[in-house]
Amino acid sequence: MSVRHFLTLKDLSKSELKQVIARATELRKMQHAGDIYQPFVGRTLAMIFEKSSTRTRISFETGMGQFGGQALFLSPQSTQLGRGEPIEDSARVVSSMVDIVMIRTFEHEKVEKFAEYSSVPIINALTDDFHPCQLLADMQTFHEHRGSIEGKTVTWVGDGNNMCASFIHAADQFGFELRVAAPYGFEPNPHLVEKYKHCVSVMESVEDASKDSHLIVTDVWASMGQESEQNTRAKRFNPYQVTPALLDKAAPDVLFMHCLPAHRGEEISIDLLDDPRSVVWDEAENRLHAQKALMEFLLQDKIKL
């Protein structure tokens, strides 16, 4: 079986994505019931972090442990990657010793090159361009609360960043309409918007974009690496704060999501995470279950039952 990677949502077919989402829900139920399922005994996940994260590390490391395997945390300071070793050399060496690799970094080209030279599956746990693992959790969460997202309307509010780019891919893969409400100068990648114009539209008015929407999603105004732009972005994004009043303009059964960490009082109002329409805590937990389902899918030829 050829090596499969997960660098964007486009690396899996529409049916495969639905399969992973359904399996993630099964794994969530099993974990909540206390069932022990360890298909990865003797398997190792390498976790390469050039960008730090709370949810990503905990979810991958815990998931691998629950599956009976082990996870190795690798930072630039503790590996040759931080000392100038070419990515292709590191990829060859690391993949010869482990069964699967998760990478969270800046340039998307790094995960692409690592995958090119790796003999085991590579998972993109976030780059500056895409964040597909978060979308698996988001799609799982919507399905668990509202059923199929196909044919629904989703509104992205704020920066046209890596999360927004993955939502564009998701709109095509899962069959929903995506409206992006972004201030001028912070719109998503125009090439992506053009390629997926059959399911994506960009608006300046957050109120228009939110009208009758079934899911509203946002992210921080300044992502990691953009801290120097915080003050400028705060002024530009202030009209794009998501509040309960904005949710009132959406469909009666609207849900709200945020990949976290959230800055209360900035991209969201102080009280939004406590709104009954917010499902951010289920969304956060589902990183664990969705990524377990993804790893199981990518390593299906090595599963021990």
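The numbers here are math on the coordinates, done by the rules we state, and not lab data. Just so it is clear, the structure is predicted and the values come from calculations on it, not from any experiment. Counting neighbours? That spans all protein chains shown, and the Cβs are built from the backbone with ideal geometry, glycine included.
Indicate the gyration tensor shape class of the range 1-139 (rounded, prolate or oblate), computed on the Cα atoms with a ≥ b ≥ c the square roots of the eigenvalues: a/c under 1.5 is rounded; otherwise a/b larger than b/c is prolate and the rest oblate. It comes out prolate by the Cα gyration axes. Each other residue within a Cβ distance under 12 Å of Lys152 adds +1 if Lys or Arg and -1 if Asp or Glu, for a net charge of -2. Are there DSSP H segments in the chain that both extend 18 Å or more along their axis (alpha-carbon positions) and score a mean Kyte-Doolittle hydropathy of at least -1.0? List them, or say none. The qualifying helices are 14-33, 132-146, 280-298. Packing, taken as the mean count of other beta carbons within 10 Å per residue, orders the peptides 128-139, 263-274 from highest to lowest as 128-139, 263-274. When the chain is described by a simple charge dipole with +1 on each Lys and Arg Cβ and -1 on each Asp and Glu Cβ, the residue from Ile303, Gln291, Asn238 located farthest towards its positive end is Ile303. Residues Arg179, Arg277, ranked from the fewest to the most other C-beta atoms within 10 Å, line up as Arg277, Arg179. Ordering of 114-122, 50-58, 209-217 by packing is 209-217, 114-122, 50-58, highest average first (other Cβ atoms within 10 Å, averaged per residue).
Give me the dipole magnitude in Debye, nearest 20, for the range 134-284 about the Cα centre, with unit charges on the beta carbon: positive for Lys and Arg, negative for Asp and Glu. Kindly include the intermediate steps, with their values, before the conclusion.
Details: 12 positive and 24 negative charges, 56 e Å.
So the magnitude is around 260 debye.
For the range 60-146, the normalised intensity computed at q = 0.16, 0.21 Å⁻¹ comes to -0.71, -1.11 (log10 of I(q)/I(0), Debye sum over alpha carbons, equal scatterers, no solvent).
Do me a favour and compute the ellipsoid semi-axes for the range 134-284 from its Cα gyration tensor, root of five times each eigenvalue, largest one first, whole Å. Before the final figure, lay out the partial values.
Details: eigenvalues 86, 69, 40 Å².
Working from the Cα gyration tensor, I get semi-axes of 21, 19, 14 Å.
Within straight-line reach of Lys10, meaning a Cα separation under 29 Å, sit the following lysines at least 8 residues removed in sequence or on another chain: Lys18, Lys29, Lys51, Lys110, Lys113, Lys152, Lys195, Lys197, Lys211, Lys292, Lys302, Lys304. Reported to the nearest whole Å, the Cα centre-to-centre distance from the range 178-227 to the range 231-305 is 15.
What does the highest-first list of 245-258, 185-198, 100-113 look like by mean Cβ count within 10 Å? Write down the numbers at each step before the final one.
Details: 245-258: 18.4, 185-198: 13.6, 100-113: 20.9.
Per-residue Cβ counts within 10 Å, averaged per peptide and sorted highest first, yield 100-113, 245-258, 185-198.
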